[in-house]
Amino acid sequence: FFFACRLCLHMLACLGASIGLAPAHLRGPAARLALGRATRAFSGPRQAVIEERLASAFAPLHVVVENTSHGRKEDESHFKVVVVSEAFEGKRLVGRHRAVNAAVCEPDGSLGFHSLEIGAAKTPAEWELDSAVPPSPKCAGGDGRGMSR
């Protein structure tokens with residue numbers, strides 16, 4: 001429920017900024033990221049890097065990076081992202097997810113944290129038709145290396 005409320009506030013802020021209802025210094029992708037950060041209680045360095053990488057890779061019209069770490073939020077081990085971008089036009093869902101994963105990964109190809117959930121990777125037209133983001137499943141635990149060791 002809390003995620004949906006923050007998402008709605010963020011969407012309203014983005015909409016207002018994009019149609020000129022905000023001062024000039026609050027318009028554009030950087031301002032939308034700043035507005036998104038303002039709606040969160042904790043935003044750590046890893047979360048900021050994820051937001052910057054997504055903004056750079058997709059120039060999104062809407063982006064939300066939620067720290068869903070189930071321990072201390074400062075651990076920054078689990079994240080849920082929602083990305084709405086024209087860059088997804090003509091791409092199938094699996095291609096969109098691969099692109100989001102590639103944008104978030106470290107230069108060596110590793111994720112750098114335990115879990116990345118892609119809540120939505122949609123085009124603006126798809127987002128306009130359906131902006132619902134499904135709830136996150138509970139983490140099954142582990143260290144990200146899989147079940148066999």
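Below is a table of values for the structure above.
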item	result
Cα gyration tensor shape for the range 66-141, rounded if a/c is under 1.5, else prolate or oblate	oblate
Gain on full stretching of the segment that runs from His97 to Arg72 - 0.36 nm per residue minus C-alpha separation	6.3 nm
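Where a number appears in this text, it was derived from the coordinates with a stated rule and is not lab data. Only a predicted model underlies this, so the values are computations on that prediction, with no experimental measurement involved.
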